[in-house]
Every structure is written in C-alpha cells, then in structure tokens.
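Bear in mind that the values in this text are calculations on the coordinates, not laboratory data. Fair warning: this is a prediction, and the values are worked out from it, not measured in the lab. Cβ placement follows ideal geometry from the backbone for every residue including glycine, while neighbour counts extend to all protein chains displayed.
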Amino acid sequence: MSEADNSNPGQILLNTIGCKETIKDANERLIALLNAAVDGLIIIDKKGNIELFNSAAQKMFMYSSQEVLGKNIKMLMPAPFSREHDSYLSSYLSSGQPKIIGKGRKVKGKKSNGDEFPIFLSVGEVKDSSHTQFVGIIRDISEQEQDRIEAQENRNRLSHASRLSSMGELAAGIAHEMNQPLTAISSYAQASKRLLQSTSENNIEKVAAALDKICDQAIRASDVIDRLRNFVKKRVAQREYVELNVLIIKTVNLAKVDTRILDHKVILELEQVKKPKLLVDPVQIQQVLLNLIRNGIDSMEHIKGAPLIIKSQWISNELIEVSVKDCGLGMDAQTSGSIFSPFFTTKQSGMGMGLSVSQTIIHSHGGRIYFDTNQPSGCIFSFNLPATAINHEDIEK
Ligand SMILES: Nc1ncnc2c1ncn2[C@@H]1O[C@H](COP(=O)(O)OP(=O)(O)OP(=O)(O)O)[C@@H](O)[C@H]1O
Ligand SMILES: [Mg+2]
C-alpha cells in the first residue's frame, strides 16, 4: 500500500498531482482552477455576501473581484430578484426548503453598467459545522436566448407566410363568394329601374322590397370582406353563438336570389325538438352551406323543379349534422376522388374552390365534411359541427 493510501482525502488529492504542497499552495492552485473555469463561479456566505468571484464571473458581470468581494450578491441581480433574495436565503436557512438550491434555473443577471442578461444559474450548498456557504455556477445564455428568440420569430414569420399563401386560396374563395351578391345587386338594381320607368301603381312597394334585398346582399358582401381583413391581420375570426336553424333559413333566403335556384324547390327538414346552438363564425358557415346549395342546384340544372332537401339532425349528444341532398347527376369515381382539391372543377364556369374552402372552414371549427350517393340519383353532401341544445334561458334572452 502506498503512502498516499494511508493519508486523509485532501492529502490524496495533493499527492495524486504529484507534488507535496502546503495549504497556501493548494489554495492558490484551487483559485487558479476556479479562474480557469468557463462558467462564472460565485461563492457567498449565508448572509449573501460575496466571498469568491472567479474570472469568468468578472467578465460576465463587468466587475473586478475587488469591487464585489464582501458586498451582497443582490448587486448582481435586477429587480425583482434583488429585492427578494434576502428573504429566499433566510427562508431556506430557517425552513431547509430549497427553491433554487440543488437545482438550476433561468434567471437574469445585471452587469456593472446596468444591462440585464439571461443566465442559467445552479446553486449548491457547502456546509460544515461552523460555516455555511453557497456556490453559484453561472452560464451566460444570451446567445442561446437570442437564437431561441430568432427561431420563434422565424416560426411566426413562416406561419404568417403560410397564412398569406392560404390567403391566395382564400382570395379565390372570396372572389367566388363576392360574385354572387354582386350579380344579385345588379339584377335587383336593373329590376328597380324598370319598375320606376313603368306606370303601374304599386311599383313603389316593389322598388322598396328590391332595395331591401340590395341592402341584404351588400351587407353579406361586406361581411365577406371583413373576414378577409381579419385573416390578413393575423387575428382569429370572432366566433359567436348562433341558432343553426336560423342560420340555415337566412342562408337559403340569400341563395334564393341566385337565378340558378329559381327553378328548384328547397325543402327544409330542420331539427325542432332539441334546437341546436353553435359557437361559430356565422359568415363562414353560411359560405359552406351556400357552396353546397349551389353545387346541388348545379347538378340538377337539367331537371326543372327538382327539389333540394336541407336537413339538420343530431348524430350524437354533441354533434349536429347538416346535409344537402340533391337528385342530380351524381359523380363518377374519378370526380369524387378529387372534389376537395383546390381548383378541381367539372364545370365550365366553376373555379373549383367551393369544397376546398368549405373543408378548411369546417375543419377549423372542429367538424367534418363528407358526401354519399343519393338513391336513385344525386349526392348527399353533409358536414357536422360541435353543438349544444338551446335551453330556456337562451330563448328568454
Ligand atoms: N352535389 C354535387 N353533385 C355532383 N357533383 C358535385 C356536387 N358537388 C360538387 N360536385 C363536383 O365537385 C366539383 C368541385 O366542387 P366545388 O364546389 O369545389 O367547385 P365548383 O362548384 O366546380 O366551382 P366553384 O368554385 O364555383 O364552387 C364540382 O365541379 C363537381 O364536379
Ligand atoms: Mg361549388
């Protein structure tokens, strides 16, 4: 057994580095080692007074050790940490319950010029019978934080860019939506002009009715524009509670001015027992329903008077389904595989955006959109949405 093996642990350390050192030499060597560390090292006593401040800490905080030794560690912290530090220390010393000791956490340091910077601080306790000290190991994480902030900004930029690219898709959808109220406004305006030129007596009432319809269509057009504005401003569209049946009736009335629908009968089979209430963007849901109604009517253009059936029904306690059933031409397998793709259309004047935009809208409301074949002919397009039943208080309001 070597001489070192019989000695105390401190002696072993000194002997293993191969030279017999005095306590003073060992102390100097320890200080040199601490100063060589890349991380900041600060030792404080139990009152928070600084006893050791290594070179890395000096660089980080821009203080020499003479400027900080014997002073309270609070001087290296910005508020509120500086205010709270004394009470952290005394509560730990009296309760033994650590908040940060033995763990690490991200906090802020304060340089001699007052600049704050992010640090990762881990604290350990050094205790013997006469003395308690705390050692703080500090890493300057300014660069990592900067990287994190930049990565976050990049993510935000990307998500805005992807919103803008889906805006291209949305813009096409908006153009699609705007066409209908504008055509309606123009035909009501022409009708009013004709009425005013004729000499018949009750024309004033008819003109007033046409002007009301022009107003309804103009409001709808401006709602669509508002939604686009909200989307571009990176704001989430405001959702509100709406009665589904009321929304369906309003939408059918809007659709009726579409000349395509005039030859067809719309039959409503709406849930009446537990009337459904939805938390939705009503303009968007109207947009979906209008698309389904127009598609159904388009598929029946060759059958004058053929009915379109719109139905709402609960498919579970929380899901309401709206379906639009036509008895038109239906779809072949190839068509039905592509209908939700943007710009897919089999119509001469179609944009192929209706179902793709509708799918985006229904998914963003937590629902699904799907279709089935109708018997003996035609299609049933449906969507479901989370809903609740209207209760008495809703009706009293
Ligand atoms: N009820 C339906 N019956 C038969 N085919 C349908 C029906 N609904 C949709 N389709 C088919 O799906 C295609 C895509 O529909 P979508 O609504 O996305 O676009 P579109 O109606 O062609 O054009 P628009 O952008 O003007 O709505 C239609 O072109 C049609 O071929
Ligand atoms: Mg369509």
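Taking R0 as 41 Å, what's the FRET efficiency between Ile249 and Ala333 from their Cβ-Cβ distance, rounded to 0.05?
The formula returns an efficiency of 0.70 here.
Using Cβ point charges alone (K and R +1, D and E -1), the dipole size of the stretch 237-397 about the Cα centre works out to roughly 220 debye.
May I ask what percent, to the nearest 5, of DSSP beta bridges between residues of the stretch 237-397 are antiparallel?
85
Computed from the C-beta positions of Asn391 and Phe344 and an R0 of 45 Å, the FRET efficiency is 0.60 to the nearest 0.05. Multiplying the residue separation of Gln97 and Thr132 by 0.36 nm and removing their Cα-Cα distance gives an extension gain of 11.1 nm. Based on the alpha-carbon gyration tensor of the stretch 108-151 and its eigenvalue square roots a ≥ b ≥ c, which shape applies: rounded if a/c is under 1.5, prolate if not and a/b is larger than b/c, or oblate? It is oblate, given that a/c is not under 1.5 and a/b is not larger than b/c. Here r is the Cβ-Cβ distance between Ile149 and Arg105 and R0 is 22 Å; the resulting FRET efficiency, rounded to 0.05, is 0.75. Compared with the direct C-alpha span, the chain from Ala191 to Ile31 gains 48.0 nm at full extension, assuming 0.36 nm per residue. Please label the shape of the stretch 317-397 as rounded, prolate or oblate, based on the square roots a ≥ b ≥ c of the eigenvalues of the alpha-carbon gyration tensor (a/c under 1.5 means rounded; beyond that, a/b larger than b/c means prolate, else oblate). It comes out prolate by the Cα gyration axes. Summarising the overall dimensions of the stretch 237-397 from its C-alpha atoms, the Rg and Dmax are 15.6, 50 angstrom.
Remark: the Gln272-Lys304 segment gains 8.5 nm on full extension, using 0.36 nm per residue and subtracting the alpha carbon distance.
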